[in-house]
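Right, one structure below, let's go through it.
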Amino acid sequence: MAEIVIGIDLGTTNSCVAIVEEGTPVVIPNRGGYKTTPSMVAMAENGKRLVGHIAKRQAITNAENTVYAAKRLIGRKWGSAAVRSSIETMPYRIVEGPHHDVRIMLRDQVFSIPELSAYILQEMKILTEEYLGEEVSKVVITVPAYFNDGQRQATKDAGLVAGLDVIRIINEPTAAALAYGFGRNIERKVAVFDLGGGTFDVSILEIGNNVFEVIATAGDTFLGGEDFDHRIIDGLVFDFQEEHNIDLRKDKMALQRLKDVAEKAKCELSSVKETEINLPFIISTGRNEALHVQTKLSREKLEELCDDLVKRTLDICTQALQDAELEKGELEDVILVGGMTRMPRVQQAVTQFFGFEPCKGVHPDEVVALGAAIQGTALTDTECDVLLLDVTPHSLGIMIVGGYFHKLIEQNTTVPTSESHTFTTVKDYQTSVKILVLQGESDRAEENELLGEFILTGLRRAMKGEVEVDVAFAISADGIVSVTAKDLETGLEQSITVTATSGLTEDELRDMIEANQDHMVDVQSNKEFDKAEHEAQSLLREIEKMFPDVEQIISGSDFGQDAVTKARIVCDKARSAIGAKNLPVLLECIEALGRTSNMFRGVVSKTR
Ligand code: AMP
């Protein structure tokens, strides 16, 4: 019999563990009989570590030493917007780690985020062992599809710290689709809409013959139930400040009580139209007078407060469909995942958007862990013939001269995958190159996530463009990146598995870009590109010359202004494509530039 592999859904708010028992995936309940366990870790006054429900129960009285939503911080860099926002809203102390990473201080001890996540994973491991009566070590852990390399690495590290053998990291929506389609022999295209406590993901998959192929994925790793809660908290804090001129955020215990009551009200409003919010003795004034929060919240008001958050999820769905090159009508089902999809407004929005009711047959809290357990079995049991083909959510590449981002692997490419490209030196007698590995979609390097960097030294002293360096990227089935740079003349090689702890802030990245001009690389000259660049440059010159005349002629006409704005956008896009040496985009731009130049010539000639 194949070894048991546990599947863990390490959620922002709750975690869940499952196994496949005699061919059937099952969730393992915790000691209280619940199928999910709060993803909370606390340090009690006596130094004891508390995990799950026990941690949640004491959160109000020990707010500063109770960690929740740590998943929002995992693999993040110090100084990033996500971290700044958590510092403002979380009652626990978030501090800078030694590698520009994020740590949390509980009493006098500092913990890394993978360490805190490991305590939750360990709890899941123990629950499984108690249930089975035997030790388990192999695990598949799920992560949001939109997690980048750093966040995936850090999750894998958490598994290692928990004493687990992480055989695969898989994406939450993909796991959900696996649980949905397992054993049903179906053939269809589906969307998975996953709105959890901290993150939102949507994936479009094609299921057929036990093959689960992701076509596209999109998401936001900082959009989830926590944001809905904060909208309620913000409202309560604002009203209290207006009435009593006291900022409740300054009191950690009050903040934790507000957080609790806001989440409770939000959940209640999924089944009732109005709920009461009562927080007696929330704070006492300097004159020993106790103040309370007592108010009502309606479902309508909650929906109004969170309207833009729901809209954001739909915009992301549009993006995923575009990336998949599919129309809504081509999908046959939508699977809802994550606790937040219980909110009626979310369900309505999804129904309106896709044009049909979402699938009711899966349990939004359990389906991800079940899928992880199925994937674990598929990887270890030869009789389980399920094949999962996932994609990388972000493009991957390196920085080239001028601070541009050169993509080597496009987003939504099936993983595992590898790609290589030859780059050349940009200065005479340049003897080293610095490879900055980036993930993202912007043409500008500094607007993407820096995954890591390394220097290849000892290059032959030669004129610029003569020395060639081959850079090879690989993305594993876990979505984790490794990069190798090789001097093609000497065979000298440098490689890294990009690590989460090598984090740098965006400012540092910008400084690095400026400081490293001498070590830059450029894309190897390519005849097809050179020809396209030449054509684009001459069209750009022609259009630029006509701009003043055209603007003067059509000034005052809205239609004309619109045409001028569009022309400027096309020119900027073409310049970016030249900088990023992106041939496919440049070819598209040339067509648009051609149309613009014809239109401009027409306008100018008519008035002469
Ligand atoms: P997950 O990360 O999937 O466990 O989702 C947790 C999120 O779902 C949290 O923000 C919860 O407050 C939210 N949630 C759970 N149940 C409900 C409900 N009945 N109505 C609205 N939100 C809910």
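Taken together, the values in this text are just the output of simple stated rules run on the coordinates, not laboratory data. It should be emphasised that the depicted structure is a prediction, and the values quoted were computed from it without experimental measurement. Cβ: placed from backbone, ideal geometry, glycine included. Neighbour counts: every protein chain shown.
Highest first, please rank the peptides 349-357, 239-247 by the mean number of other Cβ atoms sitting within 10 Å of their residues. Can you show the working numbers first?
On the way: 349-357: 15.0, 239-247: 13.2.
The packing order, highest mean first, is 349-357, 239-247.
Cα-Cα over 23 Å: which of Lys464/Lys545; Lys56/Lys125; Lys259/Lys301; Lys48/Lys138; Lys125/Lys156?
Long pairs (Cα-Cα over 23 Å): Lys464/Lys545; Lys48/Lys138.
Helix hunt in the chain: which complete DSSP H runs extend at least 30 Å axially by C-alpha with mean Kyte-Doolittle at least 0.5?
583-606
Taking the Cβ of Leu255 as the center, what net charge do the other residues with Cβ under 12 Å away carry, scoring Lys and Arg +1 and Asp and Glu -1?
Surrounding charge for Leu255 is -2.
Starting from 0.36 nm per residue, how many nanometres of slack lie between Asp385 and Asp572 once their C-alpha separation is accounted for?
Contour length minus Cα-Cα distance gives 62.4 nm.
Can you give the % of DSSP beta bridges in the chain that are antiparallel, to the nearest 5?
Bridges in the chain that DSSP calls antiparallel: roughly 85 percent.
Residue-wise, which Karplus ³J(HN,Hα) couplings in Hz belong to region 5-12, taking 6.51 cos²θ - 1.76 cosθ + 1.60, θ = phi - 60°, and x for glycine or proline?
My calculation for region 5-12 gives 10, 8, x, 10, 9, 8, x, 5 Hz in order.
With a ≥ b ≥ c the root eigenvalues of the C-alpha gyration tensor of region 137-181, is it rounded (a/c under 1.5), prolate (a/b larger than b/c) or oblate?
Taking the square roots of the gyration eigenvalues as a ≥ b ≥ c, region 137-181 is oblate.
Within 10 Å of each candidate Cβ there may be at most 13 other Cβ atoms; applying that plus a DSSP loop requirement, which GluC sites (Glu not before Pro) in region 94-137 survive? Each step should come with its number before you reach the end.
Working: sites: Glu96, Glu115, Glu123, Glu129, Glu130, Glu134, Glu135; in loops: Glu134, Glu135.
Sparse-neighbourhood loop GluC sites (Glu not before Pro): Glu134, Glu135.
Computed on alpha carbon atoms, what radius of gyration and Dmax characterise the chain, expressed in Å?
Final numbers for Rg and Dmax: 26.9, 91 Å.
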